[in-house]
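Pasting a structure here, questions to come.
The values are calculated or read from the model by the stated rules, or taken from the named source; none is laboratory data. These numbers come from a predicted model, not from an experiment. Note that we place each Cβ from the backbone using ideal geometry, even for glycine, and neighbour counts take in every protein chain shown. Note: accessible area is taken over every heavy atom of the protein model, side chains too, but ligands, DNA and RNA are not part of it. Shrake-Rupley method; radii C 1.70, N 1.55, O 1.52, S 1.80 Å.
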Amino acid sequence: RKVKELGMTREEAIRRAAELNINLEDYLLKPQTTTVAPGGVSTQVVAPTPSQTPIIRVEVPIEKKGADVPGFTGRPGVGNLRPFGYDLFQYPASTFEPVLNVPTPVSYPLGPGDEIVISVWGETKLYYALAVNREGNVVVPDVGPVGASGQTVQQFRERLLRRMTAIYSGLKNGAPNANTFLDVSLGKIRTIQVFVLGEVVKPGGYALSSLSTAFHALYLSAGSTVNGTLREVQIIRDNKALPMTDFYDFILRGSRSSDIRLQDGDILFVKPALKRAALAGDVVRPAIYELLGDESLGELIKLGGWLRFDAYFNR
């Protein structure tokens, strides 16, 4: 009876007792007390013998996200299938924060708030750490304002080299016979404000690193609700819709080709999911999948990891 109260079969109880190196019969005969730890987590303490360390068993509630999909609950053959991809958002958002101590991406656009580190060595030696101001310029001593907003670090370096050659002739626009050399790198990066709206768990405005992408913003908002799409996440920039972001590319293939680097003022909008199909039986990943408009049965089976080796292909 006690084994049933623990929600286990006798075989499971015997296996679990063997893993913990305890005698099952002695364990069941000991008086037990139950306390409630802070946060509502139940803790079961087994009264120890004088030579035994107390065994503490903590029951941690596991939040299951998106178990009930509209239109699939209670249907024959679906059983307890879960919507694919939503469980990934149960991990802490910090797990998916962008790494900042990496080389600056070649396509990274400079903007107000970024810090530019300028180094000159050779016949002339200079070192400046300068911020891009609100007008989008970097004010370099003895040179004046140099436009930076919207430029990559390499494009800004080329522009700065031309301007500084007029002051420091040894730079010679980077010619092979130059005796002074210039390097430009990115120091501190700016913070941007983006808005996550639509079918997400925590909609609202978020302050993110300027290296953040659509995936990072979606993680920070705790992901799509069970009604929201994972395959047609929309980025709206300057009232124009950018190409859709498909989260399945990342989950299934590790590809971030459809991920988009965010800019200040972007809106990430999660629309309702439109077409779904439950894939059950002898497949690698039985689940409820979201389909794009033109995807076929064969493509659904690919999303599910393909058929198992003992599947009957003709039915």
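When only DSSP loop residues count, what trypsin sites (Lys or Arg not before Pro) in segment 229-277 have their Cβ near at most 15 other Cβ atoms within 10 Å?
In loop regions of segment 229-277 (DSSP not H, G, I, E or B), the sparsely surrounded trypsin sites (Lys or Arg not before Pro) are Arg256.
Which cross-chain or sequence-distant (5 or more) residues have an amide H under 5 Å from the amide H of Gly228, H modelled 1.01 Å from N in plane?
For Gly228, whose amide H was placed from the backbone, the distant partners under 5 Å are Ala273.
Which trypsin sites (Lys or Arg not before Pro) in segment 114-157 pass both tests, a DSSP loop state and at most 11 other beta-carbon atoms within 10 Å?
Here the trypsin sites (Lys or Arg not before Pro) that fit, given the DSSP loop and packing criteria, are Lys125, Arg134.
In addition: Assigning unit charges at the beta carbon (Lys, Arg +1; Asp, Glu -1) and nothing else, what dipole magnitude in debye, to the nearest 20, does segment 193-254 show about its Cα centre?
Working: 5 positive and 5 negative charges, 15 e Å.
Charge dipole of segment 193-254: 80 debye, to the nearest 20.
So what is the accessible area of segment 194-313 per residue, in Å², with the probe set to 1.4 Å?
48
Please quote Rg/Rh for segment 126-192 to two decimal places, taking the Kirkwood radius as Rh and restricting both calculations to Cα atoms.
Taking Rg over the Kirkwood Rh, I get 0.97.
In segment 197-309, what is the volume of the convex hull around the alpha carbon atoms, normalised per residue and reported in Å³?
It is 106 Å³ per residue.
Counting only protein heavy atoms and a 1.4 Å probe, tell me what percentage of segment 140-189's accessible area is made up of carbon and sulfur. Walk me through the numbers on the way to the answer.
Numbers: 1230 of 2590 Å².
Result for segment 140-189: 47 percent of the exposed heavy-atom area is carbon or sulfur.
So how compact is segment 110-264: Cα radius of gyration and Dmax in angstrom?
Expressed in Å, the Cα Rg and Dmax of segment 110-264 come to 20.3, 64.
Here is a further query. Given an 8 Å cut-off on Cα distances and at least 6 residues of separation, report the relative contact order of segment 164-306 as a percent. Kindly include the intermediate steps, with their values, before the conclusion.
Working: 254 pairs, mean separation 29.2, N = 143.
Rounded, it is 20 percent for segment 164-306.
Shifting gears a bit: Can you give me the P(r) profile for segment 121-163? Cα pairs, bins 5 angstrom wide beginning at 0, each as a whole percent.
5, 21, 31, 28, 10, 4, 1
What is the distance in Å between the Cα centres of segment 272-315 and segment 174-249?
Distance between centres, Cα-based: 31 Å.
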